[in-house]
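The values are calculated or read from the model by the stated rules, or taken from the named source; none is laboratory data. This structure is a prediction, so every number in the text was calculated from the model and none was measured. Here Cβ is always computed from backbone atoms with ideal geometry, including for glycine, and neighbour counts include all displayed protein chains. Surface accessibility is based on the protein's heavy atoms, side chains included, excluding ligands, DNA and RNA. Shrake-Rupley method; radii C 1.70, N 1.55, O 1.52, S 1.80 Å.
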Amino acid sequence: MWTSRSVARIRLLYSVRTKSDNVASQNVCLNLVRSNDKENFLCTLLLRNPQRRSALAVRAFNVEVAKVSEKVAAGNVGVLPLKFWENTVNTLYRGGANGSNVPEHPVIRELQRAINDHKLSKMHFQRLISARANANLNFLTVKQLEDYAEQSVSSVLYLLLEVHGVRNVHCDHAASHLGKAQGIVNLLRSIPHQTRRNAVPIPQEVLIAHGVNQERMVRNRADDKGVEEVTFALASVAHRHLETAQGLLKTVPRAVKPIFLPSIVIERFLHRLRLRNFHLTDPNVMRTDSLLPLVLYWRTFWGKY
C-alpha cells in the first residue's frame with residue numbers, strides 16, 4: 001500500500017533524477033559548441049539565461065548537422081545520420097515535443113525543451129539540414145554562395161531571435177545580412193584546410209572573372225595576385241553584408257543585440273586579412289584571436305556591435 005510518505009519520496013527521487021539529466025544534457029550541448037564552434041560559443045556565453053541555454057541547444061544542433069555534412073564531403077557514409085536529424089525534427093513537430101517518442105539524445109532533449117519553451121519555427125531547422133545536404137559546396141555564382149550562407153548561418157540567428165521572443169522584420173533583415181557575411185567568411189577560412197580534396201568553395205564566376213583556377217587557389221601562393229584578387233572579391237562581399245547588418249543594428253532592440261556579437265568576430269578577421277594583403281594562409285590571418293573574449297565582453301558592456 002502506497003503511503004503519502006512513499007509517494008513523496010518517489011516524487012523527490014524522480015525530480016532529482018530529472019534535474020540531473022537536464023544538467024547533463026546542458027553540459028553536453030555546452031561542450032559540443034565549445035569544442036566545435038569556439039567563436040560562436042564565446043558569443044553565446046554573453047547571452048542571458050534562460051535564453052542562453054536554448055541558444056546553446058540550437059547551436060549544438062547546428063554543430064551535429066555540420067559534422068555529418070563534413071563526413072559526407074570527406075567521402076564517409078553520412079546520409080543516414082543526416083536523415084536521422086531530419087526525421088527527428090519532423091517527430092518533434094508532429095507532437096513529439098510534448099511526448100517521449102523521440103530518440104534519447106542530450107542535444108535532442110535540450111532541443112525538445114527549447115521548442116516547447118519558445119515555439120521555434122520548424123522551417124529554420126529544415127533549412128539548416130537542407131543547406132548541409134550540399135556537402136561539396138559547388139557554387140556557380142556569388143548569389144548561390146549567399147543563399148547557402150543565408151540557409152546555413154542566418155537560420156541559426158533567426159532561431160536565436162525567436163528564443164528571445166522577437167519576430168521583427170528589422171531584426172530578421174539584420175540577421176540575414178550578418179549570416180551571409182559570416183557564412184562567406186567561414187568558407188574563406190576553410191580554404192587552407194581543404195587542400196587534400198584539391199577543391200575550394202569559390203564561385204566559378206569569381207574564378208573566371210580573375211582568370212584563376214582551382215589549382216592556384218589550392219596552392220595559395222603569397223605572390224599570386226590572381227588569388228589575392230579572388231579573395232579580395234569575396235571578402236568585399238562579406239564586408240558589404242557586415243556593414244549593412246551593423247547599420248541595421250540601430251533599429252534592433254537593445255535586449256537582443258548580443259545575438260549579433262558574431263559581427264565583431266567577422267570584423268576582426270576581415271581586418272587581419274586586409275592587413276596581410278588577403279593571403280589566407282598567412283600565420284597572422286590563421287591564428288587564434290586571443291583577445292576576442294575580452295573584446296566581446298568589452299563591446300557588450302558598452303553596447304557597441
Exercise for review: Let me have the 222 nm mean residue ellipticity of the chain computed from DSSP H runs of 4+ only, each contributing -39500 (n - 2.57), with the sum over all residues rounded to the nearest 500.
Suggested key: -21500 deg cm²/dmol
Exercise for review: Quick one: which residues, 5 or more positions from PHE139 or on another chain, have an amide H under 5 Å from its amide H? H modelled 1.01 Å from N in the peptide plane, none for Pro or chain starts.
Suggested key: GLN204
**Study point:** Within the chain, longest stretch clear of exposed trypsin sites (Lys or Arg not before Pro) (DSSP loop, no more than 14 other Cβ within 10 Å)
**Key:** 222-286
Exercise for review: Enumerate the residues in segment 235-264 having an amide nitrogen under 14 Å from the point lying 7 Å beyond the Cα of HIS271 toward its Cβ.
Suggested key: 263-264
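Pop out the Kirkwood hydrodynamic radius of segment 30-75 from its pairwise C-alpha distances, inverse of mean 1/r, in Å to one decimal.
After inverting the mean inverse Cα-Cα distance, the result is 11.0 Å.
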**Study point:** Charge context of MET286, other residues only, Cβ under 10 angstrom, K/R +1, D/E -1
**Key:** +3
Revision key, fill the gap. For the chain, shape from the Cα gyration tensor axes a ≥ b ≥ c, cut at a/c of 1.5 then a/b versus b/c, turns out prolate
Practice item. Quick one: what are the phi-derived ³J(HN,Hα) couplings along segment 277-290, Karplus 6.51/-1.76/1.60 with θ = phi - 60°, whole Hz, x for glycine and proline? Key: 6, 6, 9, 5, 9, 5, x, 6, 7, 7, 5, 6, 7, 5
Exercise for review: Return the FRET efficiency for the residue pair LEU294, LYS143: r is the Cβ-Cβ distance, R0 is 41 Å, and the value is rounded to the nearest 0.05.
Suggested key: 0.65
Review point. Which residue, ASP282, ASP223, ASP147, tops the fluctuation ranking in a GNM of the chain built on C-alpha contacts under 10 Å?
Key: ASP223
Practice item. Could you calculate the contour length gain from ASN116 to ASP172, that is, 0.36 nm times the residue separation minus the distance between their Cα atoms, to one decimal place in nm? Key: 18.0 nm
Check your understanding: Can you tell which of ALA149, ALA255, ALA55 shows the greatest fluctuation in a Gaussian network model of the chain with Cα springs below 10 Å?
Key -> ALA255
Practice item. Using a 1.4 angstrom probe on heavy atoms only, work out the carbon and sulfur share of the accessible area of segment 221-305 in %. Key: 57 percent
**Study point:** Charge dipole of segment 139-298 about the Cα centre (unit charges at C-beta), most positive-ward option of CYS171, VAL256, PHE139
**Key:** VAL256
Point to revise | Cα-projected label distance for SER35 with HIS193, points at 7 Å along beta-carbon direction, nm | key: 1.5 nm
Study note, to complete from the structure: Binned at 10 Å starting from 0, the alpha-carbon pair-distance distribution of segment 92-204 in whole percents comes out as 13, 37, 29, 18, 3
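Treating the beta-carbon of each Lys and Arg as +1 and of each Asp and Glu as -1, no other charges, what is the dipole magnitude of the chain about its Cα centre, to the nearest 20 debye?
1120 debye
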Check your understanding: Given a 1.4 Å probe, how much area per residue of the chain is accessible, in Å²?
Key -> 52 Å²
Check your understanding: Over the alpha carbons of segment 167-225, what is the largest minus smallest coordinate on each principal axis, giving the biggest first in Å?
Key -> 45, 24, 19
